[in-house]
Amino acid sequence: MNTTTFWAHSANDAGLRHSLREHLQGVAYLAGRFANVATWRDEAVLSGLLHDIGKYGDRFQARLRGEDAGLDHWSQGAWLALNGACGGPKAIAAALAIEGHHIGLQPACSEIVRRLKPANITVNHPLRLALSDPDVDRLLARGRADGLSFTPPAEAMAALGPGAIARMLDVRMLFSCLVDADFLDTEAHFNGDAQGKRPRQPGPRLDPAAALQALDAHQRRLSARKPAHAAVSSARQTLWEAMTAAAGEGPGLFTATAPTGSGKTLATLKFALEHAAHHDLKRIIIAVPFLTVIEQTAAVYRAVFTGAADNELLEHHSLAGLGRESAAMDAVDPAERQRRLLTENWDAPIVLTTNVQLLESLFSNRPSACRKLHNLMESVIVFDEAQGLPRDLAVPTLAALSHLCSAYRSTVVFATATQPAFASLHDAVAKLAPSGWQPREAVPEHPTLFASLRRVELQWPRVGETRDWEDLARKLSDAQQALCIVNLKRHARSLLDALRDHHDIRHLSTNLCPAHRRAVIAQVHEALRHGRDCRLISTQCVEAGVDLDFPLVFRAMAPLEAIAQAAGRCNREGRLTGLGRVVVFDPAENVEARRLYPSQAYYQAAEVTRTMLIDEGVLDIGNPDIFTRYYQRLYDLSHPETENKPLSEAIKGRDFPEIARLYRLIDQDAIQVLVPWSGRLDHFDELKRQAIEDGIDGLWMHRAQMLAVNLYRPVGGHAVWEACLIPAKQKRGGESRDWFVLEHSTGARYDDTLGLVLPDGEQVYIA
């Protein structure tokens, strides 16, 4: 019998040490529980037992006593799993997960054998570490003598089989189970007291019945408070019933096609809750494309679930103050700390997040990003405004989501008025995920819905017809209430300059901080409701999810889905006697200027719209077939299955780090700037003082989010940027890389109409 006690971690504040046997057993148990619905559950258990087996080495035990350092204690377990040393098959996925649980997932290629072989790694460790013990047989023997039973899986995951995306997602899922289990068991030890470990309480289970009651009550309140036109009410009821009926179908991929203003947000929530009730699913995850949308979406959900706690309705996005730095900080407020803990693994019944946060995690190799992935199993995932999915990432994204549904009892819903023609990508998707791409339409009646909700007429420009800003300003001046949406912030500035003599002009863009945008939207709502003059100049940030209802909308030529979204801000409630008017115009600028649109993809899609207009004369956005033809043209032009060749090559090579680097929804890194909006100057002054004198933490970030403007991080330094922005001080020392405070004296300012204005017209804004 072994009389030596081996330790996993140093003593906690209560003076208790954590035995290695207990840690390995605890992690194995949790990893197995997280992988409950997976075919590879036993492999996850084995990964938990082997992940820290290197801690049985004498040098690691010395390290805990402060007598050694610079040790690798994970590669030995990875090698044992890779070679089936416990008596079972070669567990490649477990090996990758064990190797990566500290350093991130590494390439799954033939090199894995060479890089994990103890003899090789002892001579030339990639991180210049020493193995805690290169004798893996001795480590395994010590584990068995310590009471561990290494039961091998009957069958190992086919980590390198056909369908690269599917196999890689399986590896990430196992990795997620191991990482979260390791974090939680370690956390329980260090949070322990004199009575022993203090495991974190699991998040509450989704209660679909109670949530449906709250949703139905909310719907009744809405109907009583602001009844819509009869045709709109009828269409919304039809959508509601269709989504309810579709919820009874089995888990899988769904499209939910419905016109703007038909109540998609609440109808998809109805589907998600009913579907979860039918199939005993664990959580609902709502992903939206833009940070500007998330403010309103969160408000909608909070209104439905009044009084819901953070552990029931969780927001996880950059505006929630949860950046890279906050993850390493302890919040002063216990509720804030609990909120941050929940975001680490999405252990909540309903999660509201962004496409960036969700999709980049699906392709990440980092432990912190992948930790939450296992909680996507047995979940309903709704992409609200699915047209926001990037085309050059469409094929791998659909392949991953398809496999998530087929292998892990999840359901994915793509909800939009402008449904991408995903079916045309079927063959490309099937090469990466054996299950292919087989979506079901949740709203088969959607053509009828589009016809019944025809609330606007579109006026398209003639070929070669353009409008200058002065002409457009005169048209806006003649209208009592009008919205004009442009493609670029400099266009908004030009139009605002042309309207400088008017006092009832309002402006929306991401140059405005969230609190300022919210105030402007409230002012617009008030003016529209009371029939007062109201002219709003906006970038495309107003198009998706912002509930406005103008009688007249001007829209600069843009991708067809953006024009449809703009039309959704016109006669939204159907209260006009006739139809609302949407006037599409071409700004008076040359072709080269158009290439400065927010992105190459945006420019390309706008040109497809322009070409279709020339070919067809009129584009009927009330006919869903027009979007099928539009997306087919777009896919034919852009070839999304081959467009991102470096990413495709990385996927073929199963290079996890390179895939994580290349799969980016936002190409350029962003920073947050605290700005002095006049509506909250006292709040700004206090936050500024803390940022400069005391230092920032997660709680500060959460409080600062509503006064923050996002800017692109300049590459290689930027004189104006460096002069205008003061780096926030971190509470734990050093300067923040992500948070800055606006410095007035340099010529920068925060304008009550324009928002953040940098001197000399420097273009570092996020479009």
Which residue pairs have Cβ atoms under 7 Å apart, sit 6 or more places apart or on different chains, and have a first residue in segment 535-554 that is closer than 22 Å to F383 by Cβ and a second that is of a type in the set (D, E)? A544/E385; G545/E385
Working only within segment 483-500, note down all residues that are more than 23 Å from A606 (Cα to Cα) and not in a loop (DSSP other than H, G, I, E, B). L496, D497, A498
Members of segment 112-122 that are in contact (Cβ under 8 Å) with a residue 40 or more places away in the chain and under 36 Å from the mean Cα position of the chain (by Cα): L116
So which of L393, L401 is buried (at least 24 other Cβ atoms within 10 Å of the Cβ) and closer than 24 Å to P162 by Cα? L401
Can you tell me which of (1) crowded, with 20+ Cβ neighbours inside 10 Å; (2) at pLDDT 95 or above; (3) in contact with a Leu (Cβ under 8 Å, 6 or more places away or on another chain); (4) farther than 27 Å from K372 by Cα is the one A235 doesn't meet? (2)
State the number of residues belonging to segment 661-710 that are out of contact with any Lys or Arg (no Cβ under 7 Å at 6 or more places or on another chain) and hydrophobic (A, V, I, L, M, F, W, C). 15
Filtered residues of segment 50-78 (kept if among the aliphatic types (A, V, I, L, M) and either free of Cβ contacts under 8 Å to residues at least 24 places away in the same chain or assigned to a helix (DSSP H, G or I) (or both)): L50, I53, A62, L64, A69, A78
Look through P259, P251 and report the one residue that is under 22 Å from the mean Cα position of the chain (by Cα), crowded, with 19+ Cβ neighbours inside 10 Å, part of a loop (DSSP other than H, G, I, E, B) and not hydrophobic (A, V, I, L, M, F, W, C). P251
For segment 635-645, does any single residue satisfy the condition of being at pLDDT 90 or above, of a type outside the set (S, T, Y), buried (at least 21 other Cβ atoms within 10 Å of the Cβ) and not assigned by TED's automatic domain parsing to the domain that holds P259? no
Select, from T306, T255, the only residue that is closer than 23 Å to T238 by Cβ and either of a type in the set (S, T, Y) or without any contact (Cβ under 8 Å) to a residue 40 or more places away in the chain (or both). T255
So, in segment 650-694, exactly how many residues are within 29 Å of A287 (Cα to Cα), in a helix (DSSP H, G or I) and not aromatic (F, W, Y)? 9
Answer yes or no as to whether T418 is outside the structural domain of D182 (by TED's automatic domain parsing), without any contact (Cβ under 8 Å) to a residue 60 or more places away in the chain and farther than 19 Å from A247 by Cβ. no
Count, please, the residues in segment 503-515 that happen to be closer than 19 Å to T297 by Cα and crowded, with 24+ Cβ neighbours inside 10 Å. 4
Quick one: count up the residues across segment 79-111 that are part of a helix (DSSP H, G or I), at pLDDT 90 or above and more than 31 Å from the chain's Cα centre (by Cα). 4
Elements of type helices (runs of 4 or more DSSP H) in segment 135-233, at least 2 residues being in the same structural domain as G26 (by TED's automatic domain parsing) and free of Cβ contacts under 8 Å to residues at least 40 places away in the same chain: 136-145
Please pick out the residue among L273, L314 that is assigned to a helix (DSSP H, G or I) and buried (at least 22 other Cβ atoms within 10 Å of the Cβ). L273
Tell me the residue from V520, V583, V524 that is in a helix (DSSP H, G or I) and within 11 Å of L483 (Cβ to Cβ), please. V524
Hits in segment 455-479 - residues which are of a type outside the set (A, V, I, L, M) and closer than 13 Å to R581 by Cβ: R455, E457, Q459, W460, K475, D478
Quick one: which of R462, R454 is among the basic types (K, R), within 20 Å of A564 (Cβ to Cβ), out of contact with any helix residue (DSSP H, G or I) (no Cβ under 8 Å at 6 or more places or on another chain) and not in a helix (DSSP H, G or I)? R454
Please indicate, with yes or no, whether at least one residue in segment 18-30 is surrounded by 24 or more Cβ atoms within 10 Å (Cβ to Cβ) and either among the acidic types (D, E) or within 31 Å of the chain's Cα centre (by Cα) (or both). yes
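The values are calculated or read from the model by the stated rules, or taken from the named source; none is laboratory data. In this text the structure is predicted, and so the values were computed from the model without any measurement. Note: ideal-geometry Cβ built from the backbone for every residue, glycine included; neighbour counts use all protein chains shown.
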